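Comments concern the structure below.
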Amino acid sequence: MVAGLLVMAMSAPAARMLSAYPQVPFEEAVRDLSSPAAATRLKTARLLHEAAYPEAAVPLAQLIADPDDTIQLEAIAAEMNVFRADKIVPRKRVGFVVEVRKSLEAEAAFGAGPLALGPSPVPMAVLTALLTAARDDNPRVRLEAVYAFGTLAVEAGGARRLELLRVSGPDLAAMVGAMDPAHRYAALRVLGRVFARRLGDPPIDQPVGDAVISALNEPDAPMRAAAMDALGAMRYDRALKGIGDTFQYHGKGGMAETALDALAHIAHPSSVPQFVAQLPSKTTALRRIAIEGLARAGDQSQLSAVRASLRGERNDSLLLAGDFAAAMLLPDAGESLAPIVTALSVPRLREQARGYLNTLVVGRAMAAGRYLGDASPAVRTDIVDALGDSGDVAALPVVERLSSEHEPSVARAVERARARLGQLRPAGA
């Protein structure tokens, strides 16, 4: 039961955000969400948007299905703000009520990635409301809703994630066949984000995966690229032929690189000859992707071929890919992580190293924990974030070593990681 005034119940920053409004009891604000007056519902949604109060998330969900499109958009924006790590204070208002919006806010948040979220769990009621609104008649509402769903759904773990995948798969797959190209494109991107394979995930349901395969026939190149990205993230091996044919057809250029990257993420043993064939390529991106594919495929006998292809190499990105292959294929998990962790401190290599670390820490939490004493807060943050997204409950006690961390960025990463990994513990543990 929430008691007292809404402003008093919130943190000081949230209270300051409400300075333009009279103090309103939380219970009254929740009642006003059901007001027959659209202006009252909109004003209340705006108030809760600025407050970003976690207990408002479920009551706000009802407005995602509001008959007024403007209120729906406000409710979606409010839900996003509740769960952001960095809250956004709306700046442009008309009469302190309606914010002027010209771009897709949820798409921008989706583009920021999973680490843009804070530690608060996203209630299933919110995700269900967003998934329903993703089929709305208004194009703007449905795009905001599908991207908001894709942004928030990645928080779920354990049994919540399994249920989310089961429920959302058919709906998102159906959206891949939508009439609106923007809707199809959004659905493909969201499928790739939400259904990206995690430790403990079941195999992708065939109707879901096959719906994404169908988008490989889209005439629009970005749509085909989004489909390949999604299939790679899902590690859907029924897509191997379609993606392989795309790679063979293009041979070089951006579409070929996208196709090979999807194959490298699926990492099926049948793709190993394609990766080996690209080791002497004159295209740096194809060589790097081929090395990554051999690393993920797990065939230790290919490490000598990787090393031979890098003999005399000076390109840092390719050498880092070689380090990744060694870390994946050699039994010494601890020492082989060292060059990846070192690369986190090199600005031009950091994103590449973070991607490798996310793969390497799965099942190797103790090995990764050796590096949590690094002097760089950014490096400690990257390691904690990787452990938090690993889906490996064994990472929880490793992350908790930094529970008294004073560096704000690291402390926030620890809080988020503990929340996500805590979902994986068996009931009663």
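The values are calculated or read from the model by the stated rules, or taken from the named source; none is laboratory data. Predicted model, so just to flag it, every value in this text is computed and none were measured. All Cβ positions, even for glycine, are placed from backbone atoms using ideal geometry, and neighbour counts span all protein chains on display. All accessible areas refer to the heavy atoms of the entire protein, side chains included, with ligands and DNA or RNA removed. Shrake-Rupley method; radii C 1.70, N 1.55, O 1.52, S 1.80 Å.
Here are some notes:
- Count of residues meeting criterion [assigned to a helix (DSSP H, G or I), of a type in the set (Gly, Ala, Ser) and open to solvent by 30 Å² or more (accessible area, probe 1.4 Å)] in the range 243-290: 3
- Members of the range 170-206 that are assigned to a loop (DSSP other than H, G, I, E, B) and closer than 19 Å to Arg142 by Cα: Val176, Gly177, Ala178, Met179, Asp180
- Candidates Ala394, Ala386, Ala417: the one that is within 26 Å of Arg288 (Cβ to Cβ), within 22 Å of the chain's Cα centre (by Cα), in a helix (DSSP H, G or I) and not aromatic (Phe, Trp, Tyr) is Ala386.
- All positions within the range 230-242 that are surrounded by fewer than 22 Cβ atoms within 10 Å (Cβ to Cβ), part of a helix (DSSP H, G or I) and in contact (Cβ under 8 Å) with a residue 12 or more places away in the chain: Ala233, Asp237, Arg238, Leu240, Gly242
- The residues on offer are Val146, Val122, Val167, and the sole one that is surrounded by fewer than 24 Cβ atoms within 10 Å (Cβ to Cβ), in contact (Cβ under 8 Å) with a residue 24 or more places away in the chain and assigned to a helix (DSSP H, G or I) is Val167.
- Some residue of the range 312-331 being farther than 30 Å from Arg370 by Cα, at pLDDT 95 or above and surrounded by fewer than 22 Cβ atoms within 10 Å (Cβ to Cβ): yes
- Of all residues in the range 345-360 being hydrophobic (A, V, I, L, M, F, W, C) and over 20 Å from the mean Cα position of the chain (by Cα), the one that is surrounded by the fewest Cβ atoms within 10 Å (Cβ to Cβ): Val346
- Residue among Leu162, Leu152, Leu115 that alone is farther than 19 Å from Pro67 by Cβ and modelled with pLDDT under 95: Leu115
This table checks each residue for (1) of a type in the set (D, E, K, R); (2) at pLDDT 85 or above; (3) open to solvent by 10 Å² or more (accessible area, probe 1.4 Å).
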residue: Met10; (1), (2), (3): no, no, yes
residue: Met17; (1), (2), (3): no, no, yes
residue: Thr40; (1), (2), (3): no, yes, yes
residue: Lys43; (1), (2), (3): yes, yes, yes
residue: Ala56; (1), (2), (3): no, yes, no
residue: Leu60; (1), (2), (3): no, yes, no
residue: Ala65; (1), (2), (3): no, yes, yes
residue: Val94; (1), (2), (3): no, no, yes
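- Residues within the range 42-73 that are among the hydroxyl-bearing types (Ser, Thr, Tyr) and in contact (Cβ under 8 Å) with a residue 40 or more places away in the chain, tallied: 1
- The numbered conditions (1) at pLDDT below 95; (2) buried (at least 22 other Cβ atoms within 10 Å of the Cβ) are all true for Gly363 except (2).
- The listed residues are Phe149, Phe195, and the only one of them that is in contact with a Gly (Cβ under 9 Å, 6 or more places away or on another chain), within 23 Å of Met80 (Cβ to Cβ) and not small (Gly, Ala, Ser) turns out to be Phe195.
- For the range 340-378, the tally of residues that are assigned to a helix (DSSP H, G or I) and without any contact (Cβ under 8 Å) to a residue 12 or more places away in the chain stands at 4.
- The range 396-429, residues that are open to solvent by less than 80 Å² (accessible area, probe 1.4 Å), aliphatic (A, V, I, L, M) and over 20 Å from Ser376 (Cβ atoms): Leu396, Ala419, Leu421, Leu424
- Taking the listed residues Ser301, Ser336, the one that is more than 21 Å from Ala196 (Cβ to Cβ), over 24 Å from the mean Cα position of the chain (by Cα) and crowded, with 20+ Cβ neighbours inside 10 Å is Ser336, with no other qualifying.
- Criterion (of a type in the set (A, V, I, L, M, F, W, C) and open to solvent by less than 10 Å² (accessible area, probe 1.4 Å)) met by exactly one of Ala159, Ala112, Ala174, Ala153: Ala153
- Under the condition of being open to solvent by less than 40 Å² (accessible area, probe 1.4 Å) and modelled with pLDDT under 95, the residues counted in the range 373-389 number 0.
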